[in-house]
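Heads up: the structure comes next, in structure tokens.
The values are calculated or read from the model by the stated rules, or taken from the named source; none is laboratory data. These figures come from a predicted structure and were not determined experimentally. Cβ atoms come from the backbone with ideal geometry, glycine included; neighbour counts cover every protein chain shown.
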């Protein structure tokens, strides 16, 4: 038969050890090292707010590989549809816009950069155009150039006036030619 004295002794040691652990746990719970329940609640709220903020910050990165494929398709489409391959395409397009808006193109000057193509097979091209027409027709022409399918960047507009005739305008623009097409 088991010795009850030995069992009581082991049981008493176990109870004293558990009571010591309870006292240690209570001391840690109420000590300034761990903080109060309110401090822990505030820390939890701060961490939840930080998690929400970080989740919102990474949301645009969701589905990134598909976005990259879509962007490459859009770039290819932009190059095909909006960038000319020859100067004559630019002259034709500007002529159409001028005729549609009642503007007369008096002179056009094209200046190609004599450098290597800067962007993936594109050659920068500067265009200076002297225009004449009414103020309204010139404003509509500039608006049409900005909205045109062909890509133009208007750098500057210089307005002049002939007291006896139409309003004169010098327009400086940039575009890009596709090289090797």
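Here are a few things to note about the model shown:
- Within segment 107-119, tally of residues that are surrounded by 13 or more Cβ atoms within 10 Å (Cβ to Cβ) and modelled with pLDDT of 90 or more: 1
- In segment 74-102, the residues that are modelled with pLDDT of 90 or more reach residues that are exposed (fewer than 11 other Cβ atoms within 10 Å of the Cβ) and not in a helix (DSSP H, G or I) with C-beta atoms within less than 9 angstrom, at least six apart or across chains, in these pairs: 93/149.
- Subset of segment 143-156 (residues that are in contact with a strand residue (DSSP E or B) (Cβ under 7 Å, 6 or more places away or on another chain), free of Cβ contacts under 8 Å to residues at least 40 places away in the same chain and either loosely packed, with under 13 Cβ neighbours inside 10 Å or not in a loop (DSSP other than H, G, I, E, B) (or both)): 146, 153, 154, 155, 156
- Being surrounded by fewer than 11 Cβ atoms within 10 Å (Cβ to Cβ) and either farther than 30 Å from residue 168 by Cα or in contact with a strand residue (DSSP E or B) (Cβ under 9 Å, 6 or more places away or on another chain) (or both) is a condition met by at least one residue of segment 120-131.
- Residue 159 vs. criteria modelled with pLDDT under 90 and surrounded by 13 or more Cβ atoms within 10 Å (Cβ to Cβ): no
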